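Take a look at the structure set out below.
Laboratory data are not the source of any read-out in this text; all were calculated from the coordinates shown. For clarity, every value in this text was computed on a predicted model and none was experimentally measured. Here the Cβ positions follow ideal geometry from the backbone for every residue, glycine too, while neighbour counts run over all protein chains shown.
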Amino acid sequence: MNRDAQPVPMFDLGRAVARIESELDRRWRRLLAATAFVGGEEVREFERAFAEDHEVEHCVGVANGTDALVLALRAHCVGPGDEVVVPGFTFVATAAAVLLAGATPVFADVRPDSLNLDLEDVARRLTSRTVGVIGVHLYGNPFDLDAAGELCAGRGLWLIEDAAQAHGARWRGRPVGGFGSLATWSFYPSKNLGCFGDGGAVTTNDPELARRVRLLANHGATARYHHELVGGNSRLDALQAAVLNCRLPLLAGDNERRRQVAARYREHLAGAREVTALPEPRDATPVWHQFTVLCERRDALQAFLAGRGIGSATHYPEPLHRQPAFAHLGAPPALEVAEDVARRVLCLPMFAELTDEEVAAVGRALAEFEA
């Protein structure tokens, strides 16, 4: 490693903290003075603003992204005997939530160009027990919402968007989050819109589904000590809502900066032989939660970058259908693309505060690896 070179982190939350510190201090002091930590105006303000930004009628803040998925499934009353199709290549929560809600996940393969759901493979895996499909906007790149919606509508199924990585992304000009019956969001700190702990939300244009999610997230209570449903406790914390209220106005600009970084990475990779980026989507406006490359010598590339002080991450090194947690579901299906990309995928540094110098340093390292 060049000892004069500055390290390039995979992600640096401290830079995001610095940008909102004064505004967050004001909001947190107000909350501390009021001792209003559960619900309240900060949460309502965020729910209104997030719904408006994503052009949906309803937003329900919840405790985290996994709870958002479970609550969305429970709002659809899934249970034993029901099957829900999910991608085999994504974060574990998408499939685990199906089991936590009492149903069975059915794994489908992903497309080699986007690593999003392969809808032809989804269609092959539908049975009389299938009740719905969860599509993931992986790495902040929307899956084909028109085709997915048409497939589900034609089979009488619901569609849930797992938008945990896609804050502000658009499909054919329209924000994701309102195409399916419900969409689920995570505000984990590393997300494009992240808080400083755990947080999540569910969005929908269906008032009854919104009502059910809100009830299920608050012990099923319609009034104090009156419980219409058996629910749990999954409320968005007011302190985290304050963080999100500080960061939401910055989201559009942050996403634009991510697009600039992605474009520069593509310039550096032009003509590369070993390290290739996923194709630029045609009908979607991604938000580049991750900038993902594929490399046959992925582990060697990651070690090479680390030797030059450059962070990277493998999202994800093992497809879901091969995870021990799902072994009880039976013999894993053959998902050729998911298994292939899991051994080749690597994510480069990507956050809004990356400097041009840092992006150039990553580009130089990629060129050295190719040499």
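How much of the DSSP beta bridge set in the chain is antiparallel, as a percent to the nearest 5?
Details: 25 of 42 bridges.
If I count the DSSP bridges inside the chain, around 60 percent turn out antiparallel.
In nm, to one decimal, how far is the modelled label at Arg174 from the one at Glu57, with both set 7 Å along Cα→Cβ?
Output for this residue pair reads 1.4 nm.
Which peptide among 192-198, 352-358 comes first, and what is the full order, when sorted by highest mean count of other Cβ atoms within 10 Å?
Highest mean packing first, the order is 192-198, 352-358.
Which whole-angstrom value gives the distance between the alpha carbon centres of segment 135-149 and segment 209-223?
Value for the Cα centre distance between the two parts: 27 Å.
Using only Cα atoms, figure out Rg for the chain and give it as a multiple of 2.2 N^0.38 Å.
On the way: Rg = 20.8 Å, N = 371, 2.2 N^0.38 = 20.8 Å.
Ratio of Cα Rg to 2.2 N^0.38 Å: 1.00.
Which residues make up the longest stretch of the chain that has no trypsin sites (Lys or Arg not before Pro) in a DSSP loop with at most 10 other Cβ atoms within 10 Å?
Maximal segment without exposed cleavage sites: 4-223.
Which of rounded, prolate or oblate describes segment 250-370 when judged by the alpha-carbon gyration tensor and an a/c cut-off of 1.5?
Prolate, since a/c reaches 1.5 and a/b exceeds b/c.
Obtain the nm distance between the two label points defined at Ser22 and Asp283 by a simple spin-label model: each point lies 7 Å from its Cα along the Cα-to-C-beta direction.
Modelled inter-label distance: 4.6 nm.
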